[in-house]
Amino acid sequence: MTRAAAPTRAPTTYQLLIELPQPVRCRIGRLGEFDFPAGLYCYTGSARRAFEARIARHLRRGDDKILRWHIDYLLAAPGARVVRVQRSRRGECAWNQATRGRMVVAGFGASDCGAGCGAHLKWVDAEGRKGWRGAYGGPGSHCLALRLAASE
Ligand SMILES: [Zn+2]
């Protein structure tokens, strides 16, 4: 049996840093409806195949987008946008657990998680933002930083 070898250094895991400029109430598929405070969120996911296509899908918006994963519902919320993407070969759960943040919705993105993460989406506080390579410098980031600091 022949099988094309995957590039050994190709990433399999990604994190999305998501900005939510205002609080939203959002239905997350069959999980139910939840209140998401404004701020920054980190979502950890993986794709063994079509890795870049998966990320491109997360970055795409549009009324025609079929909401499939939990993260699709959050990204469809008013104002929600991905502000940074990190790629890695780390294990999805190990990376998620090493990321500072607070769980907002139990079970979010963790349907297939067997490592007890609780959720693969975390609300990122000011300290957790330091884990992102390069300063987050998107529009409104200064205000966001102040807001994060004030809420702690
Ligand atoms: Zn996990």
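No lab work stands behind these numbers, since they all come straight from the coordinates. Computed from a prediction, not measured in an experiment: that's the story for all the values here. Heads up, the Cβs are rebuilt from the backbone with ideal geometry, glycines too, and the neighbour counts pull from every protein chain shown.
Observations on the model:
- Label-to-label distance, Thr12 versus Ser88, with points set 7 angstrom from Cα along the beta-carbon direction: 1.4 nm.
- Label sites at Arg30 and Cys113, each approximated as a point 7 angstrom past Cα along Cα to Cβ, lie 1.8 nm apart.
- Charge tally for Asp35 (other residues, Cβ to Cβ under 12 Å; Lys, Arg +1; Asp, Glu -1): +1.
- Region 1-88 shape via C-alpha gyration tensor axes, a/c threshold 1.5: prolate
- Taking the average, over residues, of other Cβ atoms within 10 Å as the packing measure, peptides 14-20, 64-70 rank 14-20, 64-70 from highest down.
- Residue-count net charge about Arg54 - beta-carbon cut-off 14 Å; Lys, Arg +1, Asp, Glu -1: +4
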